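Here the structure is laid out as structure tokens; the discussion comes afterwards.
The values are calculated or read from the model by the stated rules, or taken from the named source; none is laboratory data. Just so you know, these numbers come straight off a predicted model, no measurement behind them. When we count neighbours, we look across all protein chains shown, and the Cβ atoms used for this are built from the backbone with ideal geometry, even at glycine.
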Amino acid sequence: MLSSEERLRSLLVRGLAGDSSAYHAFLRELTAHLRAFLRKRLARLPEEVEDLVQESLLAVHIQRHTYDPGRPLTAWVYALARYKLIDLLRRRSRTDLFNDPLDEESQVFVASDTEACDARRDVAKLLEALPERQRLPIIHVKLEGLSVAETARRTGMSESAVKVGVHRGLKALAAKIRDSS
Amino acid sequence: MKTDDLVTLLATGTEAVDAKAPTRRYLTAVTLGTVVATSLVAGLLGIRPALLHDALEPMFLVKEAFCAALSAVALVAVARLSRPGVRLGLVPVVGLAAPVLAMWVLAAVALLATAPQNRVDLVLGQTAGVCPFLIALVSIPVFAAMVWTMRGLAPTRLRLAGAAGGLAAGAIGALVYSLHCPELAAPFLAIWYVLGMLIPAAVGAWVGPRMLRW
């Protein structure tokens with residue numbers, strides 16, 4: 001536990017300094033931890049796990065500036081994941097109070113790892129619904145891996161507009177994810 | 001989209017994160033909010049002409065210290081509540097309770113030292129009817145600054161964060177309002193100033209879960 005805290009923390013700290021391969025490794029490893037954490041706590045709602053893993057990852061990314069490297073990473077990640085979990089449970093208790101799955105027992109062996117990896121909600125579809133000034137920067141910079149300068153040339157946007165578009169677009173995406181479940 | 005693809009998307013093209021940006025944003029917001037609140041007092045209510053004279057009174061310094069201490073502690077509480085995984089801790093709670101308790105003790109002493117027929121005047125002063133509302137009014141720009149700051153961070157206990165933001169706004173509002181306010185009696189401050197700070201705190205607790213959600 002301690003070693004994974006240390007390793008993840010050093011990966012994130014390097015990621016925050018601009019090392020995107022360290023950041024990629026951080027997110028990959030974090031995903032497994034988040035999935036295990038959320039699966040345990042969403043035993044009654046297994047179909048929500050992968051969606052919440054994705055929502056939490058997006059939250060971690062959007063809120064990464066709120067991590068203080070002087071403090072334990074575990075506490076930060078736990079607080080984020082717990083917040084997203086409670087948010088989901090609140091939403092659900094409002095909408096499907098009477099829609100509790102009753103066939104839980106028969107579900108016990110159904111949920112394997114690969115099945116859980118399919119989120120019900122498609123982030124790619126939600127991405128398409130974003131306005132162009134946010135969608136294009138995300139597609140070029142985040143999906144196609146173009147530089148900000150290259151994206152600015154192709155879209156005719158300024159470089160700062162591209163950066164703002166990525167940032168606001170991911171936030172808008174998180175809001176859409178929240179509202180769609 | 002598969003989770004692995006989302007991870008790749010998030011990690012692609014990331015740039016260095018400016019670790020000092022949140023603190024800068026917070027300080028900018030508080031400063032701007034306070035400046036707007038001060039111009040609100042100067043323009044709408046007027047700075048008290050006898051302010052310089054008051055400044056020599058020990059009770060004036062007590063009043064300023066009271067508001068300043070509560071402002072500082074509430075600002076610390078907001079900063080802590082805005083970062084996931086940072087505990088509020090006992091320090092802000094004690095730091096908020098201590099000045100209020102001290103002011104109540106001062107108020108009790110002042111009331112006991114006053115003849116019974118004059119006590120009501122000491123409590124009500126000349127402006128008890130408007131004081132809490134004017135403090136709440138003056139705190140509005142600071143309140144907006146608090147909400148803006150917290151929305152740029154990630155509070156996880158929204159009602160508490162909203163209350164802390166409202167309290168910080170109220171305490172700074174009271175500090176700024178004291179440029180106009182003629183009251184110096186401890187019993188007055190112990191009731192009406194505290195009430196004026198609690199109005200934005202209550203509003204913050206009320207709107208926090210909606211306005212601060214992320």
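Summary table
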| item | result |
| --- | --- |
| Within the stretch B:1-85, helices (runs of 4 or more DSSP H) holding 2 or more residues that are more than 14 Å from chain A (Cβ to nearest Cβ) | B:21-40, B:51-54, B:58-81 |
| The stretch A:126-159: number of residues that are out of contact with any Gly (no Cβ under 7 Å at 6 or more places or on another chain), away from chain B (no Cβ under 12 Å) and surrounded by fewer than 17 Cβ atoms within 10 Å (Cβ to Cβ) | 7 |
| Unmet requirement for residue A:57, which otherwise passes all of (1) part of a helix (DSSP H, G or I); (2) more than 8 Å from chain B (Cβ to nearest Cβ) | (2) |
| Count of residues meeting criterion [more than 9 Å from chain B (Cβ to nearest Cβ) and in contact (Cβ under 8 Å) with a residue 12 or more places away in the chain] in the stretch A:23-42 | 8 |
| Some residue of the stretch A:65-87 being at the interface with another protein chain (Cβ under 8 Å from one of its Cβ atoms), in contact (Cβ under 8 Å) with a residue 12 or more places away in the chain, of a type in the set (S, T, N, Q) and out of contact with any helix residue (DSSP H, G or I) (no Cβ under 6 Å at 6 or more places or on another chain) | no |
| Single match in B:6, B:40, B:45 (criterion: over 20 Å from the mean Cα position of the chain (by Cα), surrounded by 13 or more Cβ atoms within 10 Å (Cβ to Cβ) and either within 30 Å of residue A:26 (Cα to Cα) or of a type outside the set (Ser, Thr, Tyr) (or both)) | B:6 |
| Criterion (surrounded by 15 or more Cβ atoms within 10 Å (Cβ to Cβ), assigned to a helix (DSSP H, G or I) and under 16 Å from the mean Cα position of the chain (by Cα)) met by exactly one of A:8, A:27 | A:27 |
| Per-region count, the stretch A:125-135, residues touching a Leu at 6+ places or on another chain (Cβ under 9 Å), of a type outside the set (Lys, Arg) and in a helix (DSSP H, G or I) | 3 |
| Matching residues in the stretch A:11-21 - criterion: being under 18 Å from the mean Cα position of the chain (by Cα), of a type in the set (A, V, I, L, M, F, W, C) and either within 8 Å of another protein chain (Cβ to nearest Cβ) or over 15 Å from residue A:60 (Cα atoms) (or both) | A:16 |
| Test: residue A:94 is farther than 22 Å from residue A:24 by Cα, part of a helix (DSSP H, G or I), at pLDDT 90 or above and not small (Gly, Ala, Ser) | no |
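Rundown of residues vs (1) farther than 30 Å from residue A:137 by Cβ; (2) touching a residue at least 60 places away in the same chain (Cβ under 8 Å), yes/no style:
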residue: B:8; (1), (2): no, no
residue: B:24; (1), (2): no, no
residue: B:32; (1), (2): no, yes
residue: B:61; (1), (2): yes, no
residue: B:89; (1), (2): yes, no
